[in-house]
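Reading through the structure tokens given below for one structure.
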Amino acid sequence: MTEYNSKSVECQNLDFGKIIESKFVYDYESILSIRERKNLEETISKFRHDTGNEILIVTTHSIGRFPDFRSYAMSLGDIYSQEVKNDNIIIIVISKILKKVEITTSDKSKETLTDDFCKIVIYESFLPEFKKGNFYNGIEKGLAEIITKWK
């Protein structure tokens, strides 16, 4: 597996310093309306306030120089966890163009949100809605499943 230096590999130019205060949804593919982004931001912000758990959603049209979608998502998770100094994090990365969804978990969040659970959420909540073109509904359903399990 290739090692990536987070400072040398660009991940959509995310400014994680701003995330710490208020931004949890980065919609680089513009698949969400302003209202939909706001609803997701509010849901994640309330969950973070209540639990201390971190959720980040990123949509992307490209993974740049990364060998695969999972490597890209894991790199985002590594960079974000270093910035927020929290090991209770998940990153949901979605690409409409690439037709990919990935949920990456930190070591601590993986205790509750196992790989098997994340796969079920992807296949039962995200993908059925995405296939109908309902990206917000899929994200909202998947997020609700994650929050319910992770409280």
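Just so it is clear, none of the values below were taken in a lab; they were calculated from the coordinates. Just so you know, these numbers come straight off a predicted model, no measurement behind them. When we count neighbours, we look across all protein chains shown, and the Cβ atoms used for this are built from the backbone with ideal geometry, even at glycine.
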The range 16-150, relative contact order in percent, only Cα pairs under 8 angstrom and at least six apart counted: 21 percent
In whole Å and largest first, what semi-axes does the C-alpha gyration tensor of the range 102-145 yield when each eigenvalue is scaled by 5 and square-rooted? 21, 9, 7
Once you wrap a convex hull around the alpha carbon atoms of the chain, what is its projected area averaged over all directions, in nm²? 8.3 nm²
Classify the range 67-132 from the C-alpha gyration tensor, please: rounded if a/c falls under 1.5, else prolate or oblate depending on whether a/b exceeds b/c. oblate
Taking a ≥ b ≥ c as the square roots of the Cα gyration tensor eigenvalues, with a/c under 1.5 meaning rounded and otherwise prolate when a/b beats b/c, else oblate, which class fits the range 31-117? oblate
Over 31 Å (Cα to Cα) among 85/131; 108/132; 38/119 -> 85/131; 108/132
Got a sec? Which residues in the range 32-74 would a label at residue 112 touch, if it sits 7 Å along Cα→Cβ and we count backbone N under 20 Å? 40-58
